[in-house]
Amino acid sequence: MKPTYLMDDIQWQQLIQNVADHFNDVTIKRGFQYFKQGRVKEFAMPDGEHIAAVVDGSELYEVDLHLNAFAASRCTCPVHTNCKHMIAVLLNYANEQERSVHALVNARSAGFTRLAAKADIRPPSPSRSSLSLDRKEATRNALTKTASRIPDMPISEWHDLFDQCIGLNPVNTQNSQFVQSALASIYAVKPPLSPGMQQLYGLHAHLRVLEKLVLQSPMPGYPTHSYMGYYTQIAADELKEAIERDFESPLALSGEPKQEARMAETLAYLRRKMLTESRNGTYFSDAYYWFWLRWMRPERPTPGIYAEELQHLQAAEEELGATLARLPWMLAQSWMYMYQSQDDKAWTLLQEAEQAFPLKISSNQLLLFLHALREAEDWTRLKDGLRHIGPLLHSHRDDHLQDYMHDWNLVLQHLPEAEADMWDTLVSMLPFAGGMYEETLLAHEKWRQWIDYQLSIRSEPLSFRVSVVQPIEKNAPELLLPFYHQAVERYVLEKNRAGYKAAVKLLKRLFKLYKKMKQEPRWELFFTNFTSRHSRLRALQEELRKGKLLS
């Protein structure tokens, strides 16, 4: 459920500053533990400036937070103010607002503290300090005056303004504090804007600060030597999440003056940044795709926009020359072909990109192709997309494979006859998609195929939870016999106590299966031969007696 009162970016920056000003690191860490343990039992916002909550500490404590008058905040614990219970509530608030909890936890980071300490080593004289403050104030006033013309300025001039705001940033280390301070400076000069213009302003503020963190490609093709520091990477990832949130709401730009120009400028900017992006990540590439999915297509649904974009992309090879990042360039063209329903060209180009840059295409980029087809509810094309995308998902995490499988299930709801295509595709994705293949076999009650697969990869029956094999024991118990028999012999061949114990566990299961199938004579024949063959293995005989299989 969405929170009733939503904070904007300025309020968010102020909250981070309040945490840094009012709490020490130990209190923040303890409050973080309380938050993770779910100790915030009640949480309410009577209005956008006040939080009333109950935290389970040594006893239940009532927390009363005033966001716009932080010093007036109180807790009923013995500390009364600036305590861990208040931090837990603030982290809960940030989480409900879908803001970065870690940004609050790291509000007093070592980097920020060092910079502040460094600034305090040689304090300027009062006159010099006063002059510096006057200059900064004059600069801010000038920037605020310039910002008042935002509705009439081209996007490129927005970025010039943002750069000047970022230049006032007291934090120079490229980390989360740098991002927070830079965004606060940009939002401090923002004039009143229409809803649509405000959305664009927020997006470009995030993009411009991201540009300061992420290096662009200085070498031909796709460079291999550019790296980001750990804290820079965290800051960039947080900005990426913020940009994705920017696209969650439809763009309210209809009827705005210069609407077409704004969209064209934003697209041109994202295109160029995407096509010169380094291997540090897919920050601008993802923003480019989300811009098309969420804002460009709904605002300009005419088919001609894709052909026009394809022309821009194809011209970029000559325009950018050696600085062109070829992988995002190829993926973007494939994307445009798909939007024009030229699927054969799209999948061919995607395959060429995979061959030219093996293991370099991210799962997010691949799944976005499916996202577009799913939103269009074109089930036949989605089926074909799944067939082409599946084999390219190798070496990606299981959660992405689950998203992929969700799309197959959606296709089968509308096209039951596509099941054969699904199985063929899943088999082609082995062995990397083995876990997903097994789960799907069980979900579709393909008991024999599941057993055959386990036999082929020499799975250990004891590694499966009882709940996994129970449906097979109930519906097709005879299929488990070779699975268990094969494993028993393998355990015995290990010639150690652990192997013998595992063999006895499976022998007990076999006995129950034969009994359930009313084939006790077959069990007696097998077990007599088994004990006779291994009569010299005293340790095995002991384990059989312990398991009450031998008297």
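The values are calculated or read from the model by the stated rules, or taken from the named source; none is laboratory data. Computed from a predicted model, the values in this text were never measured in an experiment. Don't worry about glycine lacking a Cβ; one is built from the backbone with ideal geometry, like all the others, and counts go over all protein chains shown. All accessible areas refer to the heavy atoms of the entire protein, side chains included, with ligands and DNA or RNA removed. Shrake-Rupley method; radii C 1.70, N 1.55, O 1.52, S 1.80 Å.
Some values worked out for this structure:
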item: Amide hydrogen neighbours beyond the local backbone of Ser73, cut-off 5 Å, H modeled; result: His66
item: Estimated distance in nm for a label pair at Leu537 and Thr302, the labels positioned 7 Å out from Cα along Cα-to-Cβ; result: 7.8
item: Distance between modelled label sites at Ser456 and Ala376, nm, 7 Å Cα→Cβ extension; result: 3.3
item: Accessible area of the chain belonging to carbon and sulfur atoms, whole % at 1.4 Å probe; result: 51
item: Estimated inter-spin distance, Ala268 and Asn172, nm [label 7 Å along Cα→Cβ]; result: 3.4
item: Protection proxy ranking, peptides 463-472, 358-367, average beta carbon neighbours within 10 Å, highest first; result: 358-367, 463-472
item: Cross-link pairs Lys518/Lys548; Lys212/Lys360; Lys29/Lys360 - those with Cα-Cα distance over 31 Å; result: Lys29/Lys360
item: Length added when fully stretched, Lys258-His50, from 0.36 nm per residue minus Cα-Cα; result: 70.9 nm
item: Kirkwood Rh in Å, taken over the stretch 47-110 so that all alpha-carbon pairs contribute; result: 12.3
item: Reach of Lys383 by Cα under 23 Å, taken over lysines that are not fewer than 8 positions away in the same chain; result: Lys345, Lys446
item: Among Ala252, Leu544, Gly390 the positive-end extreme of the charge dipole of the chain (Cβ point charges); result: Leu544
item: Theoretical ellipticity at 222 nm over the chain - DSSP helices of four or more residues, -39500 (n - 2.57) apiece, nearest 500; result: -20000 deg cm²/dmol
item: Cα long-axis angle, helix 447-456 against the chain (0 to 90 degrees, to the nearest 10); result: 90
item: Mean Cα-pair separation over length for the chain, i.e. relative contact order, pairs under 8 Å, 6 or more apart, %; result: 7
item: From phi via Karplus (6.51, -1.76, 1.60), per-residue ³J(HN,Hα) for the stretch 428-443 in Hz, x at Gly/Pro; result: 5, 8, 6, x, 5, 9, x, x, 5, 4, 4, 4, 5, 4, 5, 4
item: 0 to 90° range, to nearest 10: angle between helix 304-320 axis and the chain longest Cα axis; result: 80
item: Degrees between helix 520-533 axis and first principal axis of the chain (Cα, 0 to 90, nearest 10); result: 90
item: Reach of Lys546 by Cα under 20 Å, taken over aspartates and glutamates that are not fewer than 8 positions away in the same chain; result: Glu489, Glu494, Glu524
item: Cα gyration tensor shape for the stretch 226-361, rounded if a/c is under 1.5, else prolate or oblate; result: oblate
item: For Glu277, distant residues with modelled amide H under 5 Å away; result: Ser217, Ala325
item: Order by protection proxy (mean Cβ within 10 Å, highest first), peptides 318-324, 495-501, 195-201; result: 195-201, 495-501, 318-324
item: For the chain, accessible area per residue (1.4 Å probe, heavy atoms of protein chains only), Å²; result: 50
item: Correct option for Cα extents along the principal axes in Å [calculated from the coordinates] among (1) 77, 58, 39; (2) 89, 65, 38; (3) 100, 67, 44; result: (3)
item: Segment Asp8-Gln198, length gained on full extension (0.36 nm per residue, minus Cα span); result: 67.3 nm
